[in-house]
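Okay, so here's the structure we're looking at.
The values are calculated or read from the model by the stated rules, or taken from the named source; none is laboratory data. Remember, predicted model here, so these are calculated numbers, not experimental data. Cβ sites come from the backbone with ideal geometry, for glycine too, and all protein chains shown count toward neighbours. Ligands, DNA and RNA are stripped out before the accessible areas are found, and what is left, the full protein with its side chains, is counted by its heavy atoms. Shrake-Rupley method; radii C 1.70, N 1.55, O 1.52, S 1.80 Å.
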Amino acid sequence: MTKHHANWPGTLSRRSAITTVAAASLTPRFCASVAASDDVAHLIERAAAKNAAFMRGDMDRWLALVRIASDFTLMQPFGGPTSHGFDASPERLAKLSQFFKNGETTLEVVQTYASDKLVVLVMVERQYAEVGSLPKQDWSLRVTEIYRKDGSEWQLVHRHADPLVHGVTLQEAATIARGRRKDE
């Protein structure tokens, strides 16, 4: 039996994934067609599954669920410069597998936008996991993912994630914006 944090909603079950997809269909969005709506639902389901695999450190499963475009950009939740491309080498995936462990996740879809060629998912990834050398804790992120259609396949072209789900004060935001730590 899995122990859950008192404020933690639990793991992503099949029922949760279906509920997320069903709720997303009630979310306002701009869809060019019924096919785009089906694509959005499929991408939401895949986003939930790939995020759960990533936070468990299951990089083989994660890589099987995501198609990353060659011109992919990433704005990491830890800040720093935007990454271009993705290193899917076995060495890099092994490091990621050791850095993210024992995660439990749910996905909250905030908004979706879709056309025949682009889908934007605006989400909150609710996560409770071990990251780096830190003990298991809340690692929820605000996330925007952009997918582009390439033939019949949707590829992830951009991901922006930040840890500001719970908000910060103006002073804390100013400290972060200046590139300083709170204790500096």
For the range 50-83, how many residues meet the condition of being part of a strand (DSSP E or B) and over 17 Å from the mean Cα position of the chain (by Cα)?
2
Can you pull out every residue in the range 54-80 that is under 19 Å from T144 (Cβ atoms) and open to solvent by less than 60 Å² (accessible area, probe 1.4 Å)?
F54, M55, W62, L65, V66, I68, A69, F72, T73, L74, P77, G79
Matching residues, the range 82-95, being open to solvent by 40 Å² or more (accessible area, probe 1.4 Å) and either within 25 Å of H42 (Cβ to Cβ) or out of contact with any strand residue (DSSP E or B) (no Cβ under 9 Å at 6 or more places or on another chain) (or both):
F86, D87, A88, P90, E91, R92, A94, K95
Given the condition over 25 Å from D39 (Cα atoms) and of a type in the set (D, E), answer yes or no: does some residue in the range 62-84 qualify?
no
